[in-house]
Amino acid sequence: EPEVTQTPSHQVTQMGQEVILRCVPISNHLYFYWYRQILGQKVEFLVSFYNNEISEKSEIFDDQFSVERPDGSNFTLKIRSTKLEDSAMYFCASSSELYITGELFFGEGSRLTVL
Amino acid sequence: QQPVQSPQAVILREGEDAVINCSSSKALYSVHWYRQKHGEAPVFLMILLKGGEQKGHEKISASFNEKKQQSSLYLTASQLSYSGTYFCGTPPNSGYALNFGKGTSLLVTP
């Protein structure tokens with residue numbers, strides 16, 4: 001069964017360092033998302049991406065964050081200068097339909113720990 | 001604009017029933033339900049659309065009251081595998097992403 005894959009599964013970094021989280025969405029999906037989940041809290045929307053551009057972003061997704069689809073398969077989230085509060089599980093998701101009627105397929109997540 | 005879920009947590013014995021509620025302060029086109037087991041990614045359960053259409057994979061039933069802007073997830077004859085955190089998600093007024101509630105933690109015990 002097709003799945004969304006994310007790497008790395010866990011990354012530890014020092015505050016101020018740049019981090020890139022990678023995702024390979026399901027191949028025929030058109031819509032891509034990043035969500036994050038601080039330990040024990042709800043899943044928070046960061047950004048959506050469609051047709052090679054950002055469709056929507058939340059207040060969390062400030063200038064420190066960027067997304068890219070460098071080739072036909074990878075979808076990356078870059079945090080330019082990490083802060084302690086960026087420590088969270090980051091989930092990539094993809095869907096074949098617009099979110100209103102489409103099931104989101106989540107990856108297993110990348111746990112980011114900022115020291 | 002996040003939906004509000006209740007209760008925050010439920011503990012059941014295997015075989016018992018539970019209802020998880022999700023409400024919104026704004027008109028909804030759809031409500032989405034996901035379950036997340038500890039340490040895993042959220043997994044799709046169901047979409048309920050305005051007009052009564054439902055899309056889902058599991059033998060879990062749900063309702064969507066458009067007028068009251070509420071949805072309820074019904075877990076009947078619960079199994080140990082039902083344990084996890086249940087999130088409802090609702091679309092914003094415009095945009096492409098779901099806003100999730102804070103989740104309802106469900107624990108089913110033997």
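The values are calculated or read from the model by the stated rules, or taken from the named source; none is laboratory data. What you see is a predicted model, and the numbers here were worked out from it, not measured in a lab. Quick reminder, even Gly has a Cβ in these numbers, built from the backbone with ideal geometry, and neighbours come from all protein chains shown. In case anyone asks, the SASA skips ligands and DNA or RNA and just uses the protein heavy atoms, side chains included. Shrake-Rupley method; radii C 1.70, N 1.55, O 1.52, S 1.80 Å.
Here are a few things to note about the model shown:
- Residue match in region B:63-79 (condition: at pLDDT below 85 and under 14 Å from the mean Cα position of the chain (by Cα)): no
- Of the candidates B:Leu106, B:Leu49, the single residue that is of a type in the set (A, V, I, L, M) and farther than 25 Å from A:Ser110 by Cα is B:Leu49.
- All conditions but one from (1) within 29 Å of A:Ile54 (Cα to Cα); (2) open to solvent by 60 Å² or more (accessible area, probe 1.4 Å) apply to B:Pro42; the one that does not is (2).
- Meets criteria (closer than 21 Å to B:Glu40 by Cβ, more than 14 Å from chain B (Cβ to nearest Cβ) and crowded, with 19+ Cβ neighbours inside 10 Å) for A:Leu104: no
- When A:Ser110, A:Ser81, A:Ser87 are screened for being open to solvent by 40 Å² or more (accessible area, probe 1.4 Å) and either at pLDDT 95 or above or hydroxyl-bearing (Ser, Thr, Tyr) (or both), only A:Ser81 passes.
- Test: residue in region B:85-94 that is open to solvent by 60 Å² or more (accessible area, probe 1.4 Å), among the small types (Gly, Ala, Ser) and closer than 21 Å to A:Leu104 by Cβ: yes
- Residues located in region A:29-79, provided they are within 11 Å of chain B (Cβ to nearest Cβ), in a loop (DSSP other than H, G, I, E, B), in contact with a strand residue (DSSP E or B) (Cβ under 6 Å, 6 or more places away or on another chain) and not basic (Lys, Arg): A:Ser58, A:Phe61
- Residue selected from region B:26-44 under the condition touching a residue at least 40 places away in the same chain (Cβ under 8 Å), touching a Leu at 6+ places or on another chain (Cβ under 9 Å) and assigned to a strand (DSSP E or B), by the criterion nearest to the other protein chains (Cβ to nearest Cβ): B:Ser30
- Screening the candidates B:Lys102, B:Lys59, B:Lys68, B:Lys55 for the property of being part of a loop (DSSP other than H, G, I, E, B), at the interface with chain A (Cβ under 8 Å from one of its Cβ atoms) and charged (D, E, K, R) yields one hit, B:Lys102.
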